[in-house]
Amino acid sequence: MLVIFKNSENYLGMDKVRGDFAFCDGKLVSLDSLDFSVIDGEDTVTFNNCLILPGFCDVHVHFREPGFLYKEDIFTGSVSAAAGGYTDVCTMPNLHPVPDSVENLKIQLDAIDRKAVIRVHPFGALTVGEAGREAADIEGMATDVVGYSDDGRGVQSADMMEDVMRRVAAVGKVLSAHCEDNSLLNGGYIHDGEYAKAHGHRGICSESEWRPIARDVELVKRTGVKYHVCHISTKESVDIIRKAKAEGVNITCETGPHYLILDDSNLCEDARFKMNPPLRDKSDREALIEGILDGTIDMIATDHAPHSDEEKSRGLEKSAMGVVGLESAFSEMYTNFVKTGKMSMEKLLELMVYNPRERFGIEGDMGFTVWNVEHETTVEPRLFFTKGRSTPFAGDKVYGTCLMTAIDGKIVYRNNTEI
């Protein structure tokens, strides 16, 4: 198949180039360089006025396999990622069995080999069963994981965290920390803010996130580990990380599109707004945006966390925490930040392409993804490829439709809709 992109902006090189391009024989080339006599008769698809972008990289997704295939599996998760423009993703280890040993990790690796349509890089667990009591086989898994995390659970013991930090540092990988102090949760399930008070909900205080970050910064200074903070959501977290970077601490962090675009004023009695950490106050959202723009926050990660419809139908209090995000992330970020002039396209590509790969050592062909950002569309969960349907962005009017994603010379997603 010959795919032609007419009058399109190509961001794959050092500088943006506008022109006509073609994907032929597994390569993206200038249309002028093609010998049409050789490819005469091939099926041809033509797209106009596109953005050709390097494939995105998400360092925080949940594909639920092994253990929870009714929520998601490697195939549906990776197709969802491809449809969102991603060519590399990193899967979190809160699975069954937990990848805390070579034997358990192999189950996931085998599924990735059989089912993934893009490149999927698994995290190994920090502790056995993510229980926080005994270090996982960090050394044994080192060659097959992108890093280590107990995502979904914070490591409560400072001594245990220091131990696993030293082990992760020794194998040269990144430690991705889910920072949550269980002693401060008090049964909360949304932000401890105005909405919680007005509607009688139990709140999660901001300190439950920022206090473990502050603790870990001191441990990083002692251990030298490459430390990464997952899904930050509070202004205090931004301040702590900014200060640590200024002191030369080896620290990076991520936040999600929902924390940059929404806050607890958007809450209603619908679990599509329930995730962990929760949507915080407007002042937190503004601090996160400032952190994105000044470089304190290094990357955008979706924390794509699908659940069944039944698990997300029990209201704010009793529904599972987690929302899907792979298929809406770019369009939401483009619409809210690039199109409005708050951020350049180059900055967004740093956050979604280059910084994640650099920090986590993800090398090789980035592939590319092609987008039409000229027409407004609606976020429609019923059309998602993921098994999950719960997103706080449902119904949003956005600019950005993924037309195609390719990696390793193969088209892994193509939109068949007329645009």
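The values are calculated or read from the model by the stated rules, or taken from the named source; none is laboratory data. All values reported here derive from a predicted model rather than from experimental measurement. We place every Cβ from the backbone using ideal geometry, glycine too, and count neighbours over all the protein chains shown. The protein model used for the area step is the full one, side chains on, heavy atoms only, and it has no ligands, DNA or RNA in it. Shrake-Rupley method; radii C 1.70, N 1.55, O 1.52, S 1.80 Å.
Computed over protein heavy atoms with a 1.4 Å probe, the accessible surface of the chain works out to 40 Å² per residue.
For R359, the shell of other residues with beta-carbons less than 14 Å away shows a net charge of -3, using +1 for Lys and Arg and -1 for Asp and Glu.
Taking a Cβ cut-off of under 9 Å around M161, the surrounding Lys, Arg, Asp and Glu residues balance to a net charge of -3, with basic ones at +1 and acidic ones at -1. Other residues with beta-carbon under 9 Å from the beta-carbon of A177 carry, at +1 per Lys or Arg and -1 per Asp or Glu, a net charge of -3. Sequence-ordered 3J(HN,Hα) estimates for the stretch 229-244 from the Karplus curve with 6.51, -1.76 and 1.60 and θ = phi - 60° stand at 9, 6, 5, 6, 9, 10, 5, 5, 4, 4, 4, 4, 5, 4, 5, 4 Hz, glycine and proline given as x. For the chain, a Gaussian network of Cα nodes joined below 10 Å ranks K115, K387, K342 by mean-square fluctuation, and the top entry is K342. Springs between alpha-carbon atoms under 10 Å, Gaussian network over the chain: tell me which of E269, E254, E317 tops the mean-square fluctuations. Of E269, E254, E317, the most mobile in the Gaussian network model is E269. Of the peptides 136-142, 66-72, the ranking by mean beta-carbon count within 10 Å, highest at the top, reads 136-142, 66-72. Peptides 159-172, 10-23 ranked from most to least packed give 159-172, 10-23, packing being the mean of other C-beta atoms within 10 angstrom over each peptide's residues. Is the shape of the stretch 112-187 best called rounded, prolate or oblate, per the rule: a/c under 1.5 gives rounded, else a/b larger than b/c gives prolate, else oblate, with a ≥ b ≥ c the square roots of the Cα gyration tensor eigenvalues? Because a/c hits 1.5 or more and a/b fails to exceed b/c, the stretch 112-187 counts as oblate. Which percent of the accessible heavy-atom area of the chain goes to carbon and sulfur, probe 1.4 angstrom? Roughly 47 percent, rounded to a whole number. Given that just one value was derived from the coordinates, which of [x] 1.00; [y] 0.97; [z] 1.03 is Rg/Rh (Cα atoms, Kirkwood Rh)? The listed entry that was calculated here is [y].
Applying both filters, DSSP loop and at most 12 other Cβ atoms within 10 Å, to the GluC sites (Glu not before Pro) of the stretch 370-419 gives E418.
Given the C-alpha centroids of the stretch 1-35 and the stretch 57-130, what is the distance between them in whole angstrom? Result: 32 Å between the Cα centres. Distant-in-sequence amide contacts of I190, defined by a placed amide H-H separation under 5 Å and a gap of 5 or more residues or a different chain, comprise I204.
When +1 charges are put on Lys and Arg Cβ atoms and -1 charges on Asp and Glu Cβ atoms, the dipole computed for the stretch 146-305 relative to its Cα centre reaches about 420 debye. In order along the stretch 307-322, the phi-based Karplus estimate (6.51 cos²θ - 1.76 cosθ + 1.60, θ = phi - 60°) of 3J(HN,Hα) comes to 10, 6, 4, 5, 5, 9, 10, 9, x, 4, 6, 9, 6, 5, 7, x Hz; Gly and Pro are listed as x. Does anyone have the angle between helix 158-171 and the longest principal axis of the chain? Alpha-carbon axes, 0 to 90°, nearest 10? Relative to the chain, helix 158-171 is tipped by roughly 40 degrees.
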